[in-house]
Amino acid sequence: MTPLAACPVCPASNESGARVAVGPVSVASYLDRPQIVTREGDGVRLGLAEFDRWAEPLAESLPRVLAEDISRALGGGRVLVFPGTRAEDADIRVAVDVNRLDGSLGGTVVLDAWWALLDRSGATLRRGRVVERRAAGGDYAAMVTAQGALAATLADTVAAAVREVLPRP
């Protein structure tokens, strides 16, 4: 999964100079595997793509992708990945819990994730849930592209909440 390319017209940058750290980001245990997970015909059974795998563990790539997409949505603001950075170095920390990020080939992919914005002390500033669906193509590359677009939707939602809580310059 890769972040979206820079947008030609982005919102105003993070002029407050606030530092945002993305993490921890947890993924449901059924997703924590090298194979891409699909939903089978009835939507209940799961399938594993034995020969189509993530380039790196989803639990490692998703925080980086979200950080890059949140930075893009904030117009190039200072967004870091936690735990690579210390929690106390961030003014706002974004915690994400991904319950679902799967779908069916030629069908629909689904993202279901809870998110929270935390201040330096760990107190919750905002929280929310994103449940989005997107049509997927008939191959794994198209499915992963759709999942990346869903991650960008999550990042845009989180970035909007970050803008609401950032101090005004």
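Okay, here's what the table says:
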item: Unmet requirement for residue 20, which otherwise passes all of (1) of a type outside the set (Phe, Trp, Tyr); (2) in a helix (DSSP H, G or I); (3) in contact (Cβ under 8 Å) with a residue 40 or more places away in the chain; result: (2)
item: Scope the stretch 39-80; condition in contact with a Leu (Cβ under 8 Å, 6 or more places away or on another chain), over 25 Å from residue 139 (Cβ atoms) and either basic (Lys, Arg) or not in a helix (DSSP H, G or I) (or both); matching residues; result: 72
item: Residues (in contact (Cβ under 8 Å) with a residue 24 or more places away in the chain and touching a Leu at 6+ places or on another chain (Cβ under 7 Å)) located in the stretch 116-138; result: 117, 118, 119, 125, 126, 130, 134, 136, 138
item: Odd one out for residue 1 among (1) under 20 Å from the mean Cα position of the chain (by Cα); (2) at pLDDT 85 or above; (3) of a type in the set (A, V, I, L, M); (4) surrounded by 12 or more Cβ atoms within 10 Å (Cβ to Cβ); result: (2)
item: Candidates 128, 122 - the one that is at pLDDT below 95 and either in contact with a His (Cβ under 7 Å, 6 or more places away or on another chain) or of a type outside the set (Ser, Thr, Tyr) (or both); result: 122
item: Checklist (1) without any contact (Cβ under 8 Å) to a residue 12 or more places away in the chain; (2) closer than 20 Å to residue 161 by Cα applied to residue 42, failing item; result: (2)
item: Verdict on residue 100 being touching a residue at least 60 places away in the same chain (Cβ under 8 Å) and buried (at least 18 other Cβ atoms within 10 Å of the Cβ); result: no
item: Residues of the stretch 26-38 satisfying the condition of being part of a strand (DSSP E or B) and of a type in the set (Gly, Ala, Ser); result: 26
item: Residues being under 26 Å from residue 34 (Cα atoms), of a type outside the set (A, V, I, L, M, F, W, C), over 16 Å from the mean Cα position of the chain (by Cα) and in a loop (DSSP other than H, G, I, E, B) - total across the stretch 81-109; result: 5
item: Among residues of the stretch 69-97, those that are out of contact with any Gly (no Cβ under 9 Å at 6 or more places or on another chain) and surrounded by fewer than 21 Cβ atoms within 10 Å (Cβ to Cβ), counted; result: 6
item: Counted residues, the stretch 112-129 - those being assigned to a strand (DSSP E or B) and either touching a helix residue (DSSP H, G or I) at 6+ places or on another chain (Cβ under 6 Å) or farther than 24 Å from residue 147 by Cβ (or both); result: 7
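Results for (1) more than 19 Å from residue 157 (Cβ to Cβ); (2) at pLDDT below 90, shown as yes or no for each residue.
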residue: 8; (1), (2): yes, yes
residue: 14; (1), (2): no, yes
residue: 17; (1), (2): yes, yes
residue: 33; (1), (2): yes, no
residue: 38; (1), (2): yes, no
residue: 41; (1), (2): yes, yes
residue: 68; (1), (2): no, no
residue: 78; (1), (2): yes, yes
residue: 88; (1), (2): yes, yes
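The values are calculated or read from the model by the stated rules, or taken from the named source; none is laboratory data. It should be emphasised that the depicted structure is a prediction, and the values quoted were computed from it without experimental measurement. No Cβ is skipped: glycine too gets one built from the backbone with ideal geometry, and neighbour counts run over all protein chains shown.
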